[in-house]
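Report on one structure; see the data block that follows.
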Amino acid sequence: MNGPDNYRESQRLLGEVEATPDQYGEAAEYARQQLAAAQVHATLALAAATAYRAVCDYWSDEDLDTARDWAAVAS
């Protein structure tokens, strides 16, 4: 899973949490687990975005698909 994929997964998980109608019992536990997973994916996306330019500079060969993926998530 790359940076843009982590970002998308984080957004998907947050959407599930928002759609959880019950804030008690099993639904609340599910929402907490989804929120924790969303936070992990958001952190991984942030790390990938931060390192992206340095990796491109180091390899001096930009992966165009990854650049397009980041542009798609940013729009």
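Read the figures in this text as sums done on the coordinates, not as results from a lab. All values derive from a computational prediction rather than experimental measurement. So basically every Cβ, Gly included, is an ideal-geometry build from the backbone, and we count neighbours across all protein chains shown.
Is it the case that the stretch 44-52 has a residue that's part of a helix (DSSP H, G or I) and either basic (Lys, Arg) or loosely packed, with under 12 Cβ neighbours inside 10 Å (or both)? If you could, list the steps in order and put the result at the bottom.
The first filter runs over the stretch 44-52 and keeps only residues part of a helix (DSSP H, G or I), leaving 44-52.
Pick out the ones that are also either basic (Lys, Arg) or loosely packed, with under 12 Cβ neighbours inside 10 Å (or both) and you get 50.
Yes, the conditions are met somewhere in the stretch 44-52.
State the number of residues belonging to the stretch 1-40 that are farther than 26 Å from Asp69 by Cβ and either part of a helix (DSSP H, G or I) or in contact (Cβ under 8 Å) with a residue 24 or more places away in the chain (or both).
9
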